[in-house]
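**Student:** Please see the structure below; I have some questions.
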Amino acid sequence: MLRFSLLGIPITIEWMFWAIGALFGLPFFQAGGRAGTLGALIWMTVWFVSFIIHEMGHALAYRKFGGKNTRIHLYGFGGYASSQGYFSRKESIIISAAGPGVEIAFGCVALLLRRSELTASWNPYFLMFLGLFSYICLFWGFINLIPVLPLDGGRITDAALGRGITTTAKIGVIAGGITALVFVSMGNLFAGVFFGFLAFQNYQITQGGPSQIR
C-alpha cells in the first residue's frame, strides 16, 4: 500500500488500483518491445494522474468548506475523498461536482493541446499521453455525472433533491439500467455489466439494503 501527501492531503493507494489499471491497459502490456513498454508506462501514468486530479477536486472543495482530516483513498475500481465536518446541501453539491468538473476541465485543456498546431514537433509519446489523458478525463468525467449512486451524479442528485437516499436510489435504478442498455447496444459489455451492477445496488437500497455511499 502506497502512502504520500499532496498539497497537505494524505493519499493512500491500494495495490488493486494498479492491478485494475493494468487490466484496462492490457493491450499496451501485450504489445511488447520498446513501444509497448513505453505505451504501458504512459497508460499507467494517465490512469494514476486522472484519478488523482478527480479526487483532489473533491478534497480541495472539502477543505474550502472547512472539512477536517481530508484524505484520498484509491482502491480497485476507483477512489474517494473523505473529510470530517458539516456541509450544507449547496456545499455538498459543489463538493460532489468538483471532482468530475476539475477532471473535465483538465481533459479539455489536454484535448486542445493535442489538436493544437504547436504539437507538430512534439514527442509522439507525449502526444500519446495527451490523447489518452483527454479521453479518460472527458469520458469518465461525464460518466461520473450520471445520477446513479455511488457515482458523483448520484450524490449531486441526492443533495439537490433532499428527499432521502431511497428516492435517489430509485432514480439510480432507472438511470443505471438505461445506461447499461446503451453500453451493451454499443458493444461495450464491460461498461454494460458495470452499470447493471450499479443499478442492482441502487435497487437494493430502495428495498432497505445498505447504502454504498462512502
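**Student:** Among bridges DSSP assigns within the stretch 2-145, what percent are antiparallel (round to 5)?
**Tutor:** 80
**Student:** Along its three principal axes, how long is the stretch 2-145 when you only count alpha carbons? Whole Å, largest extent first please.
**Tutor:** 51, 35, 26
**Student:** Something else: List GLU55, GLU91 from most exposed to least, where exposure is judged by having the fewest other Cβ atoms within 10 Å.
**Tutor:** Result, fewest neighbours first: GLU91, GLU55.
**Student:** Treating the stretch 86-214 as a set of equal point scatterers at the Cα positions, no solvent, please give the Debye-formula log₁₀ I(q)/I(0) at q = 0.16, 0.18, 0.22 Å⁻¹.
**Tutor:** Values returned for q = 0.16, 0.18, 0.22 Å⁻¹ are -0.83, -0.95, -1.17.
**Student:** If you don't mind, another one. So if I take the alpha carbon set of the stretch 147-214, get Rg, then get Rh from the Kirkwood formula, what is the Rg over Rh ratio?
**Tutor:** 0.99
**Student:** Please report the projected area of the stretch 32-113's Cα convex hull averaged over all directions, in nm².
**Tutor:** With every direction weighted equally, the projected area is 6.8 nm².
**Student:** Can I ask one more? Would you work out if the stretch 108-180 is rounded, prolate or oblate? Take a ≥ b ≥ c from the square roots of the eigenvalues of the alpha-carbon gyration tensor; rounded if a/c is under 1.5, else prolate when a/b is larger than b/c, oblate otherwise.
**Tutor:** prolate
**Student:** Rounded to the nearest 20 debye, what is the charge dipole size of the stretch 82-212 about its Cα centre when +1 sits on each Lys and Arg Cβ and -1 on each Asp and Glu Cβ?
**Tutor:** Using Cβ point charges on Lys, Arg, Asp and Glu, the stretch 82-212 gives about 200 debye.
**Student:** Another question, if that's okay. At 7 Å along Cα-to-Cβ for each site, give me the label-to-label distance between ASN123 and TYR80 in nm.
**Tutor:** It works out to 3.7 nm between the two label points.
**Student:** So what is log10(I(q)/I(0)) for the stretch 144-186 at q = 0.17, 0.19 1/Å, when the Debye sum runs over its Cα atoms only?
**Tutor:** Normalising to I(0) and taking log10 leaves -0.41, -0.49.
Throughout, read-outs are computed from the coordinates displayed, never taken from laboratory work. Remember, it's a predicted structure, so these values are computed and weren't measured experimentally. So basically every Cβ, Gly included, is an ideal-geometry build from the backbone, and we count neighbours across all protein chains shown.
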